[in-house]
1. Residue check: is Val93 open to solvent by 20 Å² or more (accessible area, probe 1.4 Å), under 22 Å from Thr170 (Cβ atoms), among the β-branched types (Val, Ile, Thr) and in contact with an Asp or Glu (Cβ under 6 Å, 6 or more places away or on another chain)?
2. Do any strands (runs of 3 or more DSSP E) entirely within region 83-170 hold 1 or more residues that are within 25 Å of Thr41 (Cα to Cα) and in contact with a Pro (Cβ under 9 Å, 6 or more places away or on another chain), and if so, which?
3. If you go through region 101-120 one residue at a time, how many are at pLDDT below 90 and under 20 Å from the mean Cα position of the chain (by Cα)?
4. Of the residues Thr76, Thr110, Thr106, Thr136, which is more than 20 Å from Val54 (Cβ to Cβ) and of a type in the set (S, T, N, Q)?
5. Quickly run through region 100-111 and pick out the residues that are in contact with a strand residue (DSSP E or B) (Cβ under 8 Å, 6 or more places away or on another chain) and farther than 18 Å from Trp69 by Cα.
Amino acid sequence: MTFRTNVPPLSIASNDPIDRRWVEQIAKETPHNPPLWEKWTPSYTNLTVGNGGVHSRWTQNGSVADVNWALDLGSTSAVSGAVRISLPVEADVDVLVRQNRFSVGTATYTETGVRVYFGACLLFDENAVELYVYETAATYLRWAALGASAPFTWATDDRIGVQCSYRVAT
């Protein structure tokens, strides 16, 4: 642990209980200020939101974007294949990432009242992530694309949740 020794003392001469110069100096020296979360409206492939409820937010801290997205399925929502969700800002994707389908986060699939399945959020390209579910294959887990009946048959009140972080394109 490192202790700072160059912090100026609190001025007693000020009428303000907190010396503004000290606060401003600390703010300048502190590299991390809490990021602001914003909403965004993603576009989708193989996913119909219908009357479902979407919860989306994202933030950027330096060159990293953090994304949280969830869908509570409604009676007119549908999953029809490998689901892709557009990103709020373009990702820095190189050839190596594209060839290896780089995982940038986690996904959960809740079959209401039954169980929760886990999966991954993979960069599809610089503009979207694709969602996968873990399935067992002999001894090891592997990724499988979502579908109308994978990992289960989707119904009202089921939920898809995504949390991912990725490097932003410069």
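The values are calculated or read from the model by the stated rules, or taken from the named source; none is laboratory data. These numbers come from a predicted model, not from an experiment. No Cβ is skipped: glycine too gets one built from the backbone with ideal geometry, and neighbour counts run over all protein chains shown. Keep in mind that these areas ignore ligands, DNA and RNA; they rest on the heavy atoms of the full protein, side chains included. Shrake-Rupley method; radii C 1.70, N 1.55, O 1.52, S 1.80 Å.
1. The answer is yes for Val93.
2. Working: elements: 103-111, 115-125, 128-137, 140-145, 159-167.
Fully inside region 83-170 and qualifying: 103-111, 115-125, 128-137.
3. Filtering region 101-120 for residues at pLDDT below 90 gives 101-103, 113.
After this cut, where a residue has to be under 20 Å from the mean Cα position of the chain (by Cα) as well, the list is 101-103.
The number of residues fulfilling the criteria is 3.
4. Every option except Thr136 fails the conditions.
5. Answer for region 100-111, where residues must be in contact with a strand residue (DSSP E or B) (Cβ under 8 Å, 6 or more places away or on another chain) and farther than 18 Å from Trp69 by Cα: Arg101, Phe102.
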